[in-house]
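In what follows, a structure is listed as structure tokens, so that the remarks can point back to it.
The values are calculated or read from the model by the stated rules, or taken from the named source; none is laboratory data. From a predicted model like this one, the values you see are computed outputs, not experimental measurements. Here the Cβ is made from the backbone with ideal geometry for all residues, glycine too, and neighbour counts use every protein chain on show.
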Amino acid sequence: MQFSRSYTRASETARLDAELGYVLSKILFICAAAVLAGCASNSGVVAMGPDTFFVSRQAATGFSGSGSLKAEAMTEAGAFCTGRGKTATVTSEKEAKPPFILGNYPKAEITFKCV
């Protein structure tokens, strides 16, 4: 009888350890996803003057290209000016240069005017 009790306690402990490991792995995954999602940034449209504005996009990792970021920024600039009944004209643009490591992730910055 003593043997079965210790075996039951050991199996119960093993089951609880497995459940705890599963829960902790899920928590770790969710935290990692939140951290990566938090790294991507979009400035939104920022006024720089009467009809001059700035918009930027930054990727969360170095594995995405900057081409799509630039297109997204230009689309946002165009939509912003269209909403004002005007057309966006890009006055300057800047993209992050590789290598994309240690926080230097792909980034596109657009300065534009609504004319």
Mind telling me which of the residues 80, 112, 100 ends up being in contact with a helix residue (DSSP H, G or I) (Cβ under 7 Å, 6 or more places away or on another chain) and either of a type in the set (Lys, Arg) or surrounded by 13 or more Cβ atoms within 10 Å (Cβ to Cβ) (or both)?
-> 112
Members of segment 59-101 that are assigned to a loop (DSSP other than H, G, I, E, B) and either at pLDDT 90 or above or among the acidic types (Asp, Glu) (or both) | 84, 85, 86, 87
Hits in segment 34-51 (condition: β-branched (Val, Ile, Thr) and modelled with pLDDT under 80) | 35
